[in-house]
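This report refers to the structure that appears directly beneath it.
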Amino acid sequence: MASSGWNTIDSDAGVFTRLVEKLNVKDVQFEDLYSIDSDSLRALSPIYGVIFLFKYSAIDRQYALDNNAPLAGEYDQDFQQYDIFFANQTIQNACATQAVLNILLNQIHVDVGEDLANFKSFVTGFDPLMAGETISNSDLIRSVHNSFSTPSILVDEDPSKPPPDSDHKNDGLFHFVGYVNVNGYIYELDGLKDFPIRHCSCSSQDEFIDKIPSVLMERISKYKDELRFSTLVITNNKLKQYKEIGDSFMVESEINKRDLWDREIELRKHDYTNLFVKIVKDISSKSSDQDWHVLLDKARQKSKRRLM
Amino acid sequence: MSTIKFNAGKVEYDEDTHECVPFPQKGVVTITPRSEEGSFYNFNWTQKSSEDGYFEIQEYLIIPGDVSFKQVSSCKTGRVLALTFLSSGAKHLFWLQDVGDDEELDKLTDKDVDLVKRINELFTPMDDEDEDEDEKPQKEEPPQPATTTNEPSTSTSAINLPILDLEDAFPFEVLETHLNRLSDKQLLELVKDDLPPTIGQNPTRANIYDLIRSGFFQQSKANLTQHLRNANGAGYLLAQSFGLEYQGEGISNFLEGIRKSSKKPHEESPSDDTTES
């Protein structure tokens, strides 16, 4: 059961923000980080953590085969002594949510709500694999996660199908890694690694903002020119923040942003297959045999050009 | 058309490390025309030697146009040929086991080059690009005449080219052209039950077009393409769920199911094969 029932969700700031809100996490917002530099980060502060989303590639596999060694930094096997929360990723489709939890459950200044607080105390002392399994088996987290997924027309009819080894855009596997400031260091929390990975020392928000760009750039440099990635930051609820300081312009901008998120989430959750098939049926019913034939022949020629 | 045979062993290819792992067993590839299906071919690999008495056999059905067959240039330690199915992306590799070049291990011999050329000729679909292709060209008839029993009445040309993507048949422009011909009332009637809630509350022509142009709609189309191309029984389930007559797996058959179903209720005629709207 643990391996099924998790749908893929889009990795989007709006989706993640609404997802953690639904899990009752208070005052948290996700933002795209378009440029990895301290100024861009400072503009979004406070930064609770950074999510690095990238296409899992040959070099990652190479390190994974080499004792699952970190690409940079070093394992901290004693992380539990320092109250660091770390769960392994046990289901590909749940990887985004697992990465988000790895960051949020290490925040002392974030109210994660009763459900996640209970969850955290329940898994305290579990090894990373057990903690990951517990996330996978959580009905609450799974149902919230799935409420943001794009419907898949055939999931129910064909439950025996093996889980996809690529994402729904067929772009290969994407992987999420979280970076947080905890225990006086920058830690990388990668659900596919054995332990949290310790990078440079870091004891304040300012220091995190100053240092995290070079940690990320070091990682990116390992991939030479092949890497496709994006970066999200977890920050506070900006709508709340601008309301408190009475910045009406920014309040409106944040409200518009949320409208757009919600609109996109709704569009994302809808299945358009019926609509498409209906229109195609209508085209067919109003086409002569000749028209229909020409349409399909054009398609064959286009498909043929694809093969060249 | 004669059978093509050559000695080759199996290779497993790791897409991530880009490494070919050849298996030492001797084998032979046989390519034969499929008698019952006109221009299709059987591509069989059979193991020639075995230590445990177990002889592995692999069989593939080749639809010309759906495969590529060429050398894997990145493999330098031997002559490896890749049979790639374009519709599914499945890739099968074979290493040539006849004597090759001593110095350049990956260099194809003249015989190999000729072999690859002959196979590619076989696997290239008959070229009928001319606009009026209702008449099948007689000059390059496949070895066996195409059977007509399963042929849809609406299409007189044999299925010698697959439709690989619904996008090829129904890109936004085609849908738009059609919707432009509908009155606002007809448009609404057609789409109203299948819109997401917010747009459903205010379904303007512009809103509907925006939706159909959106990435979300494209994604549904791509998913449907993917399901149909997997050809693992999904076509049957999909035809059923959309109330279509099941015509077989794959995109072309799915569209044929749509064609048949869309023609039926309008004509109310026992035979749905001749009337045009």
Inset, instruction - Give the residue that is surrounded by the most Cβ atoms within 10 Å (Cβ to Cβ), with candidates limited to residues of region A:181-204 that are aromatic (Phe, Trp, Tyr) and within 15 Å of A:Ile103 (Cβ to Cβ). - result: A:Tyr187
Inset, instruction - Under 6 Å between Cβ atoms, at least 6 apart or on separate chains: pull out the pairs that start in region A:41-66 with a residue that is part of a strand (DSSP E or B) and end on any residue that is among the charged types (D, E, K, R). - result: A:Lys55/A:Arg228
Inset, instruction - Output yes when any residue across region A:287-301 is touching a Pro at 6+ places or on another chain (Cβ under 6 Å) and either at the interface with another protein chain (Cβ under 7 Å from one of its Cβ atoms) or modelled with pLDDT under 90 (or both), and no when none is. - result: no
Legend entry - Lone qualifier among B:Lys70, B:Lys26, B:Lys5 - being modelled with pLDDT of 80 or more, under 25 Å from B:Leu161 (Cβ atoms), of a type outside the set (A, V, I, L, M, F, W, C) and open to solvent by 30 Å² or more (accessible area, probe 1.4 Å): B:Lys70
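Show me the helices (runs of 4 or more DSSP H) found entirely inside region B:156-263 where at least 3 residues are aliphatic (A, V, I, L, M).
B:172-180, B:184-191, B:205-213, B:215-230, B:234-241
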Inset, instruction - Only residues that are within 13 Å of B:Asp112 (Cβ to Cβ) and either touching a Gly at 6+ places or on another chain (Cβ under 9 Å) or open to solvent by less than 20 Å² (accessible area, probe 1.4 Å) (or both): list them for region B:73-100, please. - result: B:Gly78, B:Arg79, B:Val80, B:Leu81, B:Phe94, B:Trp95, B:Leu96, B:Gln97, B:Gly100
Legend entry - Restricting region A:39-68 to residues that are buried (at least 16 other Cβ atoms within 10 Å of the Cβ) and among the small types (Gly, Ala, Ser), the residue that is nearest to A:His199 (Cα to Cα): A:Gly49
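Listed here are the residues, each with its yes/no results for (1) aliphatic (A, V, I, L, M); (2) open to solvent by 60 Å² or more (accessible area, probe 1.4 Å); (3) out of contact with any Gly (no Cβ under 6 Å at 6 or more places or on another chain); (4) not in a helix (DSSP H, G or I).
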residue: A:Leu71; (1), (2), (3), (4): yes, no, yes, yes
residue: A:Ile84; (1), (2), (3), (4): yes, no, yes, yes
residue: A:Ala94; (1), (2), (3), (4): yes, no, yes, no
residue: A:Ala99; (1), (2), (3), (4): yes, no, no, no
residue: A:Gln107; (1), (2), (3), (4): no, no, yes, yes
residue: A:Ser121; (1), (2), (3), (4): no, yes, yes, no
residue: A:Phe126; (1), (2), (3), (4): no, no, yes, yes
residue: A:Leu129; (1), (2), (3), (4): yes, yes, yes, no
residue: A:Glu133; (1), (2), (3), (4): no, yes, yes, no
Inset, instruction - Quick one: in region B:195-214, of everything that is open to solvent by 50 Å² or more (accessible area, probe 1.4 Å) and not hydroxyl-bearing (Ser, Thr, Tyr), which residue is nearest to the other protein chains (Cβ to nearest Cβ)? - result: B:Pro197
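Let's see how each residue does on (1) open to solvent by less than 50 Å² (accessible area, probe 1.4 Å); (2) in contact with a helix residue (DSSP H, G or I) (Cβ under 7 Å, 6 or more places away or on another chain):
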residue: A:Phe249; (1), (2): no, no
residue: A:Trp261; (1), (2): yes, yes
residue: A:Glu266; (1), (2): yes, yes
residue: A:Lys269; (1), (2): no, no
residue: A:Asn274; (1), (2): no, yes
residue: A:Asp282; (1), (2): yes, yes
residue: A:Gln290; (1), (2): no, no
residue: A:Leu295; (1), (2): yes, yes
residue: A:Lys298; (1), (2): no, no
Inset, instruction - Kindly indicate whether B:Leu228 is within 8 Å of another protein chain (Cβ to nearest Cβ), open to solvent by less than 40 Å² (accessible area, probe 1.4 Å) and under 16 Å from A:Val280 (Cα atoms). - result: no
Legend entry - Selection within region A:274-308 - assigned to a helix (DSSP H, G or I) and small (Gly, Ala, Ser): A:Ser284, A:Ser285, A:Ala299, A:Ser303
Legend entry - Hey, A:Ser221 within 28 Å of A:Gly178 (Cα to Cα), away from every other protein chain (no Cβ under 14 Å), over 22 Å from the mean Cα position of the chain (by Cα) and exposed (fewer than 13 other Cβ atoms within 10 Å of the Cβ) or not: no
Legend entry - Among residues of region A:73-123, those that are out of contact with any His (no Cβ under 6 Å at 6 or more places or on another chain), in contact (Cβ under 8 Å) with a residue 24 or more places away in the chain and either of a type outside the set (Asp, Glu) or not assigned by TED's automatic domain parsing to the domain that holds A:Lys26 (or both), counted: 34
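Can you tell me how many residues in region B:215-224 are of a type in the set (S, T, N, Q) and either surrounded by fewer than 20 Cβ atoms within 10 Å (Cβ to Cβ) or at pLDDT below 85 (or both)? Steps first, please.
At the first step, the residues of region B:215-224 found to be of a type in the set (S, T, N, Q) are B:218-220, B:223.
If we keep only those that are either surrounded by fewer than 20 Cβ atoms within 10 Å (Cβ to Cβ) or at pLDDT below 85 (or both) too, we end up with B:218-219.
Qualifying residue count for the region: 2.
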Legend entry - Count of residues meeting criterion [aliphatic (A, V, I, L, M), over 18 Å from A:Tyr187 (Cβ atoms) and in contact with a Ser or Thr (Cβ under 8 Å, 6 or more places away or on another chain)] in region A:63-101: 3
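The values are calculated or read from the model by the stated rules, or taken from the named source; none is laboratory data. On a predicted model such as this, the values are computed, not experimentally measured, just so you know. Because the Cβ atoms are built from the backbone with ideal geometry, glycine has one as well, and the counts that use them run over all protein chains shown. Calculation scope for accessible area: heavy atoms of the full protein, side chains included, ligands and nucleic acids excluded. Shrake-Rupley method; radii C 1.70, N 1.55, O 1.52, S 1.80 Å.
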